[in-house]
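S.K.: Structure in structure tokens, see below.
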Amino acid sequence: MSREQQRAELHRTIWKIANDLRGSVDGWDFKQYVLGILFYRFISENITDYLNQLVHKTGNADFDYLKIDDATAENARQSTIEAKGFYILPSELFENVRTKAKADQNLNETLEQVFKHIESSAVGFDSENDLKGLFDDVDVNSNKLGATVPKRNELLVKLLDAVGNMDLGNFQDNNIDAFGDAYEYLMQMYASNAGKSGGEFYTPQEVAELLAKITIVDTTRRSDPCGRPIQFKESVNKVYDPCCGSGGVLLKFAKILGKDNIRQGFFGQEINITTYNLCRINMFLHDINFEKFNIAHGDTLIDPQHWDDEPFEAIVSNPPYSIQWAGDSNPLLINDPRFAPAGVLAPKSKADLAFTMHMLSWLATNGTAAIVEFPGVLYRSGVEQKIRKYLIDNNYIDCVIQLPANLFFGVSIATCIIVLKKSKTDNATLFIDASAESVHSGNKEKLSPENLDKILNAYTERQDIEYFARLVPNADIAANDYNIAVSSYIQLEDTSEAVDIQELNAKIAQIVKREDELRKAIDEIVNDLENNK
């Protein structure tokens, strides 16, 4: 089966699960159960595959961890946790629990115990924080699943079977990253149907790809012998997202560069506890082992968790738009090294540029940050103008990209991307008007591969392109009161049809003359009728 056929078949199966099993559970809530059970299956197969390979290398080709007894399995507990970060006894593996599920009248309790045992297996090890609370949102005793225990268990059996029947192949044989792809499809599907409540935690994959690629463009190599205009770095040190949501933007680096080429791993922080759990699950589902990611829970602006890990070579983020934050109501923040350089704090009602200043502060000297922003940050006055002045006067803004409207789930406005650098080679800012660079897909707009290439080419070449890109000296931006709205610097193309005024006037004169002739003819007919009468 080809890559696209395998992916399409997987998506059809997921869609069927979502529609057939959800019942009365709200779609955005039900995703917790589907993703939780999918994760349970993944780590069960992951640890089974790991242990089987270890034993097979010793010459015991018939060994199958799935079939041994728990007492024997205990011998490998510590070494496995040190390597994988968790442990699951054979009796608690997904496939063994699923096999007995229909006859298990206490299935909900069985699953609850299994989930607790998986999480507690990491206690005392380096992976403890990475496993803690991962199954908190898979509440197998919730009334949402059914009013009675038998009803809940009936749905749980169906869910185990549905996830178990997904054709995810063997770890070594897949043409696609099956588990990771299933996760991404589920998140997109639920976000598209959940409105703002779901969409705010999900960045479309095409936008995530654009953000990641912007940060790894190798501007020292603008072409190669094969004629490819865009060259990317082969590896980066660390990647970071301070508002990481479910982790999709961070994980784009793994798909583009390969997970082993993110040398020191993936770092992120998320304020929403449910989405924080989803992000860690997403890391595991993409086969990112616990020692390669550090995802923290909390408010990045007030309580950032990665002081010991910054600076970061690549920073990508789609922060929440114009949310409230403490701002100047907290007298300590103006002295915070992240915000102090600008001399002012972002407004309490609009935290957008607070996130921007945070990312700039934690950006490595040789790094790049790509941030999706609410368009108001480009032109609003007051303290936001003062922050823009600081950014422009210190030559930190590398590029501003206007995106098309209706790209994101739950919001239809046209957002933008601000790109930050600390080591620019010119004292100018590039503006790109990509507002028309999209294709219609369902009820949303989408960035096609051609759209992405056009934007990335313009960003890489950093030259004027009529109606699309313009490199503006920072002095000109200062003279324009530090307004960095793309429309202030790039003229819209006039697509209206050229009109020959003289030719048009001649046609109008002919029409007027014809009208006079018709009017006279009508008057004559009316007079004849009256005379005959």
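The values are calculated or read from the model by the stated rules, or taken from the named source; none is laboratory data. Since the model is a prediction, treat every value here as computed from it, not as a measurement. Don't worry about glycine lacking a Cβ; one is built from the backbone with ideal geometry, like all the others, and counts go over all protein chains shown. Ligands, DNA and RNA are stripped out before the accessible areas are found, and what is left, the full protein with its side chains, is counted by its heavy atoms. Shrake-Rupley method; radii C 1.70, N 1.55, O 1.52, S 1.80 Å.
S.K.: Output the residues belonging to region 247-289 that are open to solvent by 50 Å² or more (accessible area, probe 1.4 Å) and charged (D, E, K, R).
M.R.: LYS255, LYS259, ASP260, ARG263, ASP287
S.K.: Going through ILE477, ILE511, ILE484 one at a time, which residue ends up being over 29 Å from the mean Cα position of the chain (by Cα), open to solvent by less than 90 Å² (accessible area, probe 1.4 Å) and over 28 Å from ILE256 (Cα atoms)?
M.R.: Unique residue meeting the criteria: ILE477.
S.K.: Could you please let me know if GLU270 is out of contact with any helix residue (DSSP H, G or I) (no Cβ under 8 Å at 6 or more places or on another chain) and either of a type in the set (Asp, Glu) or free of Cβ contacts under 8 Å to residues at least 12 places away in the same chain (or both)?
M.R.: no
S.K.: Select from region 408-439 the residues that are outside any loop (DSSP other than H, G, I, E, B) and either at pLDDT below 90 or of a type in the set (D, E, K, R) (or both) and list them in ascending order.
M.R.: Result: LYS421, ASP433.
S.K.: Could you grab me the full set of residues in region 361-371 that are open to solvent by less than 10 Å² (accessible area, probe 1.4 Å) and within 14 Å of ASP398 (Cα to Cα)?
M.R.: If the condition is that a residue be open to solvent by less than 10 Å² (accessible area, probe 1.4 Å) and within 14 Å of ASP398 (Cα to Cα), then LEU363, GLY367, THR368, ALA369, ALA370, ILE371 are the ones that fit.
S.K.: Right, something else. Filter region 113-172 for residues that are acidic (Asp, Glu), open to solvent by 60 Å² or more (accessible area, probe 1.4 Å) and assigned to a helix (DSSP H, G or I); which is modelled with the highest pLDDT?
M.R.: Per the criteria, the residue is GLU128.
S.K.: With respect to the numbered conditions (1) free of Cβ contacts under 8 Å to residues at least 40 places away in the same chain; (2) within 28 Å of LEU403 (Cα to Cα); (3) of a type outside the set (Ser, Thr, Tyr); (4) in contact with a strand residue (DSSP E or B) (Cβ under 8 Å, 6 or more places away or on another chain), which one is the sole condition not fulfilled by ALA208?
M.R.: Single failed check for ALA208: (1).
S.K.: Is there any pair linking a residue in region 364-389 that is over 17 Å from LYS350 (Cα atoms) to one that is assigned to a helix (DSSP H, G or I) and of a type in the set (D, E, K, R), with Cβ under 9 Å and at least six apart or on different chains, and which?
M.R.: Close Cβ pairs (under 9 Å, with a partner that is assigned to a helix (DSSP H, G or I) and of a type in the set (D, E, K, R)) amount to ALA370/LYS213.
S.K.: Within region 440-455, take every residue that is assigned to a strand (DSSP E or B) and in contact (Cβ under 8 Å) with a residue 24 or more places away in the chain and give me the one that is nearest to VAL217 (Cα to Cα).
M.R.: The residue in question is LYS446.
Condition check ((1) small (Gly, Ala, Ser); (2) more than 22 Å from MET187 (Cα to Cα); (3) modelled with pLDDT under 80) across all residues:
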residue	(1), (2), (3)
ARG12	no, no, yes
ASP26	no, no, yes
LYS31	no, no, yes
ILE43	no, no, no
THR48	no, yes, no
VAL55	no, yes, no
ASN60	no, yes, no
ASN75	no, yes, no
ILE88	no, yes, no
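S.K.: Taking interchain pairs and intrachain pairs at least six residues apart, which have beta carbon atoms under 6 angstrom, with the first residue in region 246-259 and hydroxyl-bearing (Ser, Thr, Tyr) and the second part of a loop (DSSP other than H, G, I, E, B)?
M.R.: Close Cβ pairs satisfying both conditions: SER246/PHE201.
S.K.: Report every pair of residues separated by at least 6 positions or lying on different chains whose Cβ atoms are under 9 Å apart, first residue within region 342-358 and at positive phi, second open to solvent by 10 Å² or more (accessible area, probe 1.4 Å).
M.R.: Between residues of region 342-358 that are at positive phi and residues that are open to solvent by 10 Å² or more (accessible area, probe 1.4 Å), the close pairs are GLY343/ILE334; GLY343/LYS386; GLY343/TYR390.
S.K.: Are any of the residues in region 202-219 in contact with a helix residue (DSSP H, G or I) (Cβ under 9 Å, 6 or more places away or on another chain), in a helix (DSSP H, G or I), at pLDDT 85 or above and more than 30 Å from ILE418 (Cβ to Cβ)?
M.R.: Among the residues of region 202-219, not one is in contact with a helix residue (DSSP H, G or I) (Cβ under 9 Å, 6 or more places away or on another chain), in a helix (DSSP H, G or I), at pLDDT 85 or above and more than 30 Å from ILE418 (Cβ to Cβ), which makes the answer no.
S.K.: Test of understanding: among ALA101, ALA61, which residue is free of Cβ contacts under 8 Å to residues at least 12 places away in the same chain, more than 14 Å from SER44 (Cα to Cα) and of a type in the set (A, V, I, L, M)?
M.R.: Result of the check over ALA101, ALA61: ALA61.
S.K.: Also, quick follow-up: Take the residues in region 386-407 that are part of a strand (DSSP E or B) and of a type outside the set (A, V, I, L, M); name whichever of them is most open to solvent (accessible area, probe 1.4 Å).
M.R.: Checked region 386-407; the qualifying residue most open to solvent (accessible area, probe 1.4 Å) is GLN402.
S.K.: Out of (1) closer than 25 Å to PHE232 by Cβ; (2) open to solvent by 30 Å² or more (accessible area, probe 1.4 Å); (3) in contact with a Pro (Cβ under 9 Å, 6 or more places away or on another chain), the odd one out for LYS292 is which?
M.R.: Failed condition: (3).
S.K.: On to the next question. Can you name the condition, by its number, that TYR185 falls short on among (1) open to solvent by less than 20 Å² (accessible area, probe 1.4 Å); (2) modelled with pLDDT under 90; (3) part of a helix (DSSP H, G or I); (4) within 30 Å of GLU291 (Cβ to Cβ)?
M.R.: (1)
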